[in-house]
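A short reminder: the numbers here are calculations on the coordinates, not readings from a lab. Note that the structure is predicted; figures quoted are calculated from it, not measured. All Cβ positions, even for glycine, are placed from backbone atoms using ideal geometry, and neighbour counts span all protein chains on display.
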Amino acid sequence: MAHDKLAVLIDADNARPAIVEGLLTEIAKYGTAHVKRIYGDWTKPDLNGWKEALLRYSIQPMQQFRYTVGKNATDSAMIIDAMDLLYTERFDGFCIVSSDSDFTRLASRIRESGRIVYGFGERKTPEPFRTACDKFIYTEVLAGATEAETSAASKPRPAKELRGDTKLLNLLRNAIDAASDDTGWAGLGPIGSNINKQSPEFDSRNYGYAKLSGLIKGIGQFDTEERHIGNGKHIFVRPQTGKK
């Protein structure tokens with residue numbers, strides 16, 4: 001996974017410079033950004049805040065004039081470039097950074113070609129775009145978000161609140177059931193993979209936990225066991241018996 005070649009395309013009208021460091025750190029978990037482009041009308045003063053970030057992180061600005069009011073030419077330029085890059089067959093995946101639902105069809109089309117799509121956007125991002133991606137990460141959990149956003153995203157939710165989240169519990173139980181062996185235990189890795197297939201926007205950090213294992217332990221309704229397999233340690237999970 002870490003060796004995947006990725007193309008990073010950023011919609012400057014729907015992203016903030018403050019997230020760039022955290023964004024690129026997150027992207028490095030999934031592969032190497034061989035292309036980093038950001039799209040906008042750079043003749044407009046509202047994008048001036050991007051200049052320092054572009055220089056520091058070697059992101060290539062792509063100029064797109066706003067031909068008329070009410071029409072987003074930036075989106076069209078991103079989509080055209082994404083398809084051009086897709087046809088080169090040089091990339092294993094694409095990172096689309098925007099909170100705009102206009103990229104829903106693009107994400108679906110890239111996935112149809114067998115490439116992975118990572119979406120990045122704010123919590124307000126419409127559901128169709130989030131679910132069109134293989135994985136969607138809320139930018140509020142990335143380093144560089146505002147202090148209020150970081151505090152809200154990093155504070156662990158109380159166990160009582162987590163246990164009252166029916167959607168979360170069903171998601172975890174279904175994933176554990178799908179990945180479990182005959183004894184009812186399931187490896188944490190397969191659980192995470194199954195969760196992402198069910199819910200691309202799932203992220204333990206949205207609940208205030210840095211890792212999935214911490215979230216599962218924080219709920220208090222699952223047994224966990226650490227096993228030594230080969231040269232590494234692996235965490236296994238199963239629902240606690242007698243608890244709903």
Inset, instruction - Rank the residues Met62, Met78, Met83 as a footprinting-exposure proxy: fewest other Cβ atoms within 10 Å of their Cβ go first. - result: Met83, Met62, Met78
Legend entry - Estimated FRET transfer efficiency when R0 is 22 angstrom, pair Leu171-Arg105 (beta carbons, to 0.05): 0.25
Inset, instruction - Could you please rank Ser99, Ser180, placing first whichever residue has the fewest other Cβ atoms within 10 Å of its Cβ? - result: Ser180, Ser99
Inset, instruction - Please give the contour-minus-distance gain from Glu127 to Asp41: 0.36 nm per residue of separation, less the Cα-Cα distance, rounded to one decimal in nm. - result: 28.3 nm
Inset, instruction - Scan the stretch 2-104 for GluC sites (Glu not before Pro) in coil per DSSP, keeping those whose Cβ has at most 16 other Cβ atoms within 10 Å, and list them by number. - result: Glu89
Legend entry - Separation in nanometres of the label points that stand 7 Å from Cα toward Cβ, at Asp182 and Lys5: 4.5 nm
Legend entry - Pairwise label distance in nanometres, Ser76 with Ala210, each label 7 Å out on the Cα-Cβ vector: 4.6 nm
Legend entry - Net charge of neighbours whose Cβ lies under 13 Å from the Cβ of Ser193, counting Lys and Arg as +1 and Asp and Glu as -1: +1
Legend entry - Beta bridges per DSSP with both ends in the chain, % antiparallel, nearest 5: 30 percent
Legend entry - Length released on extending from Lys217 to Asn48, taking residue separation times 0.36 nm less the Cα-Cα span: 56.4 nm
Legend entry - Likely footprinting exposure, Ile195, Ile80, Ile96, fewest C-beta neighbours within 10 Å first: Ile80, Ile195, Ile96
Legend entry - For the chain, alpha-carbon Rg and Dmax in angstrom: 19.7, 63
Legend entry - Projected label distance in nm at Met83 and Glu226, using a 7 Å step from Cα toward the beta-carbon: 5.1 nm
Legend entry - Difference of contour (0.36 nm per residue) and Cα-Cα distance, Ser58 to His234: 59.6 nm
Inset, instruction - Rounded to the nearest 0.05, what FRET efficiency do Arg163 and Ala28 give with R0 = 41 Å and r taken as the Cβ-Cβ distance? Could you check? - result: 0.75
